[in-house]
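Asker: To start, I am sharing the structure in question, which I have written as structure tokens.
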Amino acid sequence: MLSSSSNNRYHQFQNNTTPESEESIDMTTNEMRKEESFVNYDILLSNMNESKREFATRLRRHLQFFFMDPMKKFQTRRQMPFKLALQVFKIVTITIQLILFAELRVSHVDFIEDTSTVMRHKFLQNWSDERDVVSYPPSAGRYSVFDSIDIFEHFAFATNAYYSIQNQTFASFSYDTSWKGISFYNSTITFQTPLYDIPPMSLCIEKIANVQINNNNYEFDVSPKRECNFLNYTTAEIIKLRDNPQYMKDLLVKKNLTLTPEQSLSISKVLLMFNLRTIHYSPANKDQTPECYLIKVTITFDNTRHTGQVFIDLNSVISYEQICNGRVLKAPVISWDSIIVFVIDVIVLLFCFFSFILCLRALIKAHLLKETTMAFFEQNVGKKMPITDQMEFVNMWYLMIVVNDILIIFGTICKVTIEFRDFDNDLFTFTSIFLGSGALLVYVGLLRYLGFFNQYNVLVLTLKRSIPNILRFLVCAIILYGGFLIAGWVVIGPYSLKFRTLSKSSEALFSLLNGDDMFATFATINDSNSTIKVFGTIYIYVFVSLFIYVVLSLFIAIIMDAYEIIKERYKRNEKGETSVLKEFLSSAECVDASDPENRHLFSPDALLKLGGPLFHEREILYQIYERLYNFGTRVKQRIWND
């Protein structure tokens, strides 16, 4: 049954159609099919009894009010848009919270990096300032040694530095004297800490079980083996080691530890390990209190390649400690800065909690309205509401707000624990991820409110229209990119620093997409293999030409096409595609909701009663839980039967 307005639109469309192209004829046919699917809701409502007609009218008004933006709802009911106001206050407090946390985070990371730099300079013999600067390509090769004499000299240098750390370092380094049950040599030395109180260094050797030669044949027992020993020294041994670094070889022999050339095939790694303590305090930060940290240092001599080049690497793991070698650091009285930071954290938690409750409540209300609308269409219109119309009830902005509220709540809780001196590096990392991701989603959520103005919502509408085409395009582009990635890694990887690993290869190709560092990519391919050099050059030429001039151009064209369509709609004042739900809404008489005489039409009493504000929401959540539980039970039973 066609409505009069539908017939008028159909004849107008038919008269304006010209046979200029097959596309216009197809559009006419599709439009006719769409028009035939619409229903005259005025006649439908007039044929209903009074109770159903009253319900349908209330439903239509409820849907009209539901799809209003906050500005129109305010004009209609003169009610404060609580969710909008809450989001504005929330983003202000979250921004202040992030600024304060970023300062704390930067201070902590700077301390960690500076301490790691000091460890490298103190315990690696030939470490230079140039190696501390992160540059690409690196200004120097990997830190390594090439003969056994250098290995013993590095052992001696690290040992001397360890036993003189309190005398020769302008910092508050001390030894980790929390070790129990280990006896050391009971002798004296002119250090600040007596030698018997200094915990020994630990030396671990990772190797294969055995390598031997029988009848001019090498026999390997490749079972992994790890041997660890404590390096206890006397005062005389330490003093002699300072004068003669090669004395380290004799000291290791006394411990039944040998590093001979014959063992180069069996030894994979040698690890020298020890612990230190330090106190960190920065007077520049008013909220800074003295903090004790444990530094676990591991110097690794890597011989896994067995090429004669032994790579040396120092790794330091720094963690916060409540008690520093049996002493409790006395902190000053809590400052006003700490109180202000704590108050801001509490305010953020409250704002996020109320925002989470309001948005979750709105999503549940939308679900109830969707179920009611679907039942109305099935029972009275004889149609099942399509998925596209059902998705209109799912507010993705509210879902995003719920997600960012959860992230910020977790991040704030972690931040509060950090402020109570739980300086765990992993906790710092998770806190920054939670707060940063939550803040990103909060700022993206502001686009929703800019979308209420036609001049500002072009970006959102363009992305919304172009995303389906972009995703289909990216499927093909990613397949093509994956082919170049695998080929570059396999062929060029052994001969170029930029393609050494799969992740580095991906980073190099993505940089080439933006035109970055092209010449360096050509230059880093090793010239030792001319075939690989020629292949790499052709490979880069083809990749750059294909992806920059073709793939990226098509990608931009898809976005520009969506933008042009949106712009044309604004010029023609078109409202986009119609649907069953939109036709039902447009069948109602146009009412000026801002007129005080018409406000009663959208009052709570004039709309549907979807149940109590709390009872039905709990019931829906319980139904969802019950359905998920039953579904999981059925899946478990099916798996068990199989």
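Here, each number is a calculation from the coordinates, and none is a lab measurement. For clarity, every value in this text was computed on a predicted model and none was experimentally measured. Neighbour counts run over all protein chains shown; Cβ positions are idealised from the backbone, glycine included.
Asker: With respect to the cross-link table entries 207/296; 83/383; 72/464, which display a Cα-Cα separation exceeding 25 Å?
Answerer: On the way: 207/296 23 Å; 83/383 34 Å; 72/464 23 Å.
Distance filter (> 25 Å) returns 83/383.
Asker: Sorted from largest down, give the three principal axis spans of the alpha carbons of region 458-574, whole angstrom values.
Answerer: Its Cα atoms span 65, 21, 17 Å along the three principal axes.
Asker: Right, something else. With θ set to phi - 60° and the Karplus curve 6.51 cos²θ - 1.76 cosθ + 1.60, what are the ³J(HN,Hα) couplings of region 140-148 in order, to the nearest whole Hz, using x for Gly and Pro?
Answerer: These are the phi-based 3J(HN,Hα) values: 9, x, 5, 5, 7, 10, 10, 8, 5 Hz.
Asker: May I ask you to sort 91, 540 by Cβ crowding, counting other Cβ atoms within 10 Å and putting the fewest first? If you can, show how the numbers build up before the last one.
Answerer: Values: 91 16, 540 20.
In order of increasing Cβ crowding within 10 Å: 91, 540.
Asker: Roughly what percent of Cα-Cα pairs across region 437-488 reach past 14 Å? Kindly include the intermediate steps, with their values, before the conclusion.
Answerer: Details: 902 of 1326 pairs.
Here the long-distance tail beyond 14 Å is 68 percent of all Cα pairs in region 437-488.
Asker: Next question. Could you pull out every residue, at least 5 positions away or on a different chain, whose amide H is within less than 5 Å of the one on residue 172? Hs are placed 1.01 Å off N in the peptide plane, and Pro or chain starts have none.
Answerer: For residue 172, the qualifying residues are 279.
Asker: Moving on to the next point. Could you give each residue of region 462-472 its phi-based ³J(HN,Hα) in whole Hz, using Karplus coefficients 6.51, -1.76, 1.60 with θ = phi - 60°, and x for Gly or Pro?
Answerer: Result, rounded to whole Hz: 5, 5, 4, 7, 8, 4, x, 5, 5, 5, 5.
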